[in-house]
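A quick write-up on the structure given underneath.
Read-outs throughout are calculated quantities, based only on the coordinates presented, and are distinct from any laboratory measurement. A quick note: this is a predicted structure, and the numbers were derived from the prediction, not measured. Ideal geometry is used to build each Cβ from the backbone, glycine not excepted, and the neighbour counts take in all protein chains shown.
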Amino acid sequence: MVLTAALAVLAADGWWLVRTREAAAQTPTVVIAEAASQTAALTSAEATFTTQVGGLTTMFGDVREQHRPHRATLTMTSVDGADRFSVAELVTDSAVYLSTPALTQSLGKPWLGVPLANLGSDPAMAGLYQTDALPSSAAALLGATSQAHKTWTAYIGGVQTTRYWGTVDARTAIARLSASDRQLLAPVLRAASGAIIIVVWIDSRHEIRKIRSTVTVAGQPVVTTLVFTSDNRAVHITVPPASQVAAN
């Protein structure tokens, strides 16, 4: 009986040790890092997004992204009070191409090409760049999150998820991000005042279902929300020919 009791104690201790290790492995920081890593490894991703400034919607649309070669398209509607106009954006590893009715009329060509390194240099154009709405950019920013916390569960698109939140220091993120991610996120990181707040909804497979970033710019909260709709599907994005592009 003594041996049986000792074995029972060892079994209980072993179960407790395993559970403790499992709990440690599933800390919010680990879960968020795993989700960011999985998103970065996708061959493609599609999502809907909305950008709000001071509580008012300023841009919404759809984004499609392929990772090899890295390209993304955003089909958007810009909202300025009662005025609305269409915006198309195509992103590559070296440039961002913008198309709006006004730009096409003034330039005489359907696209304006902007080198990636120049994204944060023109404040007047910053509102049109939505490179932080790319799934890969959102995941990169998520990967720079610190002080992560787990809150509650919620259903996103019929899938049960767990909601986490954390903060990103813009200066720290600049140092931690890859060169391409730094350039894509330059308009956000350079304009940010204070910490960037990240809220993310992650399912049981550590896949991101929804992610929201809040950045304070000139005293106003700028909130970008992505809802993932599909991933790893065939996406083929072509770059406009040079004859259709006006250089910035």
| field | Equivalent-ellipsoid semi-axes of the chain, from the Cα gyration tensor, Å, largest first | value | 41, 18, 16
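Is it possible to state the helix-based mean residue ellipticity at 222 nm for the chain, with each DSSP H run of 4+ residues giving -39500 (n - 2.57), the sum divided by total residues, to the nearest 500 deg cm²/dmol? What is it? Present the calculation step by step, with values, prior to reporting the outcome.
Working: 7 runs with 72 residues, N = 248.
For the chain, the value works out to -8500 deg cm²/dmol.
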| query | Magnitude of the Cβ-charge dipole of the chain, K/R +1 and D/E -1, about the Cα centre, nearest 20 debye? | reply | 200 debye
| field | Segment Arg171-Ser86, length gained on full extension (0.36 nm per residue, minus Cα span) | value | 27.3 nm
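What length, rounded to one decimal in nm, is gained on full extension from Thr48 through to Leu107, with 0.36 nm per residue of separation minus their alpha-carbon distance? Please list the in-between numbers first.
Numbers: separation 59, 0.36 × 59 = 21.24 nm, distance 2.91 nm.
Length difference between fully extended and current span is 18.3 nm.
Neighbour counts of other C-beta atoms within 10 Å: give me Asp231, Asp181 arranged from fewest to most. Don't jump to the answer; show the numbers that get you there.
Numbers: Asp231 18, Asp181 23.
By the 10 Å Cβ count, ascending: Asp231, Asp181.
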| query | What is the distance, in nm, between label points placed 7 Å from the Cα along the Cα-to-Cβ direction at Gln38 and at Arg205? | reply | 0.7 nm
| request: Quick one: P(r) of segment 120-212 from all Cα-Cα pairs, 10 Å bins, percents rounded to integers, in order of increasing distance. | output: 16, 45, 29, 10, 0
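In the chain, which whole DSSP H runs stretch at least 15 Å along their own axis (Cα) and average -1.0 or higher on the Kyte-Doolittle scale? Write out the running numbers ahead of the final one.
Details: long enough: 2-25 (34 Å, 0.94); 28-40 (18 Å, 0.72).
In the chain, the long hydrophobic H runs are 2-25, 28-40.
Rounded, prolate or oblate for segment 41-187? Axes are the square roots of the Cα gyration tensor eigenvalues, ordered a ≥ b ≥ c, and the cut-off for rounded is a/c under 1.5. Before the final figure, lay out the partial values.
On the way: a/c = 1.73, a/b = 1.41, b/c = 1.22.
In terms of gyration-tensor shape, prolate.
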| field | Longest exposed-site-free window of the chain, the sites being trypsin sites (Lys or Arg not before Pro) in a DSSP loop that have at most 15 other C-beta atoms within 10 Å | value | 1-204
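For Leu134, Leu177, what ranking results if the residue with the fewest other Cβ atoms within 10 Å of its Cβ goes first?
Working: Leu134 26, Leu177 19.
Ordered by Cβ neighbours within 10 Å, fewest first: Leu177, Leu134.
Tell me the net charge near Ile198. Cut-off is 12 Å between Cβ atoms, Ile198 excluded, with +1 for each Lys or Arg and -1 for each Asp or Glu.
On the way: positive: Arg163, Lys210, Arg212; negative: Asp132, Asp169.
Net local charge, Ile198 excluded: +1.
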